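Below is one structure; the comments refer to it alone.
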Amino acid sequence: MNRIASAFEKGKAFIPFFTCGDPDLETTAVLVREAVKNGADLIELGIPFSDPTAEGPVIQGANIRALAGGVTTDGIFELVRDLRTDVTVPMVFMTYANVVFSYGAETFISTCREIGIDGLILPDLPFEEKQEFEPLCRQYGVALISLIAPTSKQRIGRIAREAEGFLYLVSSLGVTGTRSEITTDLKAIVKVVRENTKLPCAIGFGITTPEQAKEMAAIADGVIVGSAIVRMVAEQGRDAAQAVGAYVRQMKEGMGYFSNDRKTGDR
């Protein structure tokens with residue numbers, strides 16, 4: 001069983017997102033380990049980009065701070081190498097196509113394989129243009145994770161059939177950010193997904209509270225939370241680990257799935 005599949009094998013997966021390098025890479029490493037210790041099943045690591053079009057102001061701000069602090073893709077690769085000395089849950093990168101292009105697509109993707117990155121999410125890559133990266137991802141065993149949005153409509157089935165790793169279901173129109181209410185008919189979208197693939201489906205964008213996490217977990221196989229965590233890190237900086245760990249545990253418990261004996265390396 002590959003690592004991404006293992007994230008969903010013990011129940012509904014909780015997937016926290018971190019912007020690498022906000023406030024610095026050393027803190028990112030501490031945050032990731034604390035999240036896993038408190039129940040995170042898969043880690044989404046954001047590689048900062050100067051024009052993060054899918055992001056709301058909270059994650060945009062984190063990108064700006066990380067880049068101003070001098071974070072580089074090579075530095076993030078080293079971060080993952082360090083994490084892989086003891087963190088065994090799946091990890092995926094979320095970034096933008098230009099980051100991969102500018103680094104050199106084959107070098108970037110082959111390095112992902114070498115350091116233990118299991119998947120790649122590129123929110124600005126149209127499904128119809130995935131051939132820019134998909135052959136390389138398959139060559140090096142890195143899942144190119146597809147997104148399904150409320151506007152995907154008749155394309156949902158095709159996206160699901162051709163998906164790898166897991167499907168990232170965007171809960172709402174617009175950019176990332178916390179929302180008081182999610183009104184999209186997600187059950188209908190998940191129904192189409194289930195009819196076309198056996199891969200797990202995780203819902204992200206706008207999930208903030210344990211109540212929302214429980215509601216989304218009842219619909220899909222996993223819950224992704226970004227802005228709420230990134231805001232916590234923005235407010236508390238290098239001292240955010242304890243609060244983030246407690247939040248991850250609260251969200252995991254809210255979903256109704258938590259193992260009290262989870263350790264950083266367990267899997």
Single residue of 16, 23 found to be in contact (Cβ under 8 Å) with a residue 24 or more places away in the chain and either part of a strand (DSSP E or B) or within 15 Å of the chain's Cα centre (by Cα) (or both): 16
First in region 190-203 and within 22 Å of residue 40 (Cα to Cα), second anywhere and polar (S, T, N, Q), Cβ under 9 Å, 6 or more apart: 203/171
Qualifying residue in region 51-72 (condition: hydroxyl-bearing (Ser, Thr, Tyr) and more than 21 Å from residue 144 (Cβ to Cβ)): yes
Wholly enclosed helices (runs of 4 or more DSSP H) of region 55-132 bearing at least 1 residues closer than 26 Å to residue 159 by Cβ: 57-68, 97-103, 105-115
Evaluation of residue 133 against (1) surrounded by 20 or more Cβ atoms within 10 Å (Cβ to Cβ); (2) over 28 Å from residue 189 (Cβ atoms) (one fails), failing number: (2)
Pairs where the first residue, in region 94-115, is under 19 Å from residue 165 (Cα atoms) and the second is in a helix (DSSP H, G or I) and of a type in the set (Lys, Arg), C-beta under 6 Å, 6+ apart: 115/81
Flag if residue 139 is over 30 Å from residue 188 (Cβ atoms) and of a type outside the set (A, V, I, L, M): yes
Number of positions in region 31-70 that are β-branched (Val, Ile, Thr) and surrounded by fewer than 18 Cβ atoms within 10 Å (Cβ to Cβ): 2
Filtered residue count, region 28-59, keeping only those that are touching a Ser or Thr at 6+ places or on another chain (Cβ under 9 Å) and among the polar types (S, T, N, Q): 1
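Read-outs: derived from the displayed coordinates by stated rules, not from any lab. What you see is a predicted model; the values in this text were computed from it and never measured. Here the Cβ is made from the backbone with ideal geometry for all residues, glycine too, and neighbour counts use every protein chain on show.
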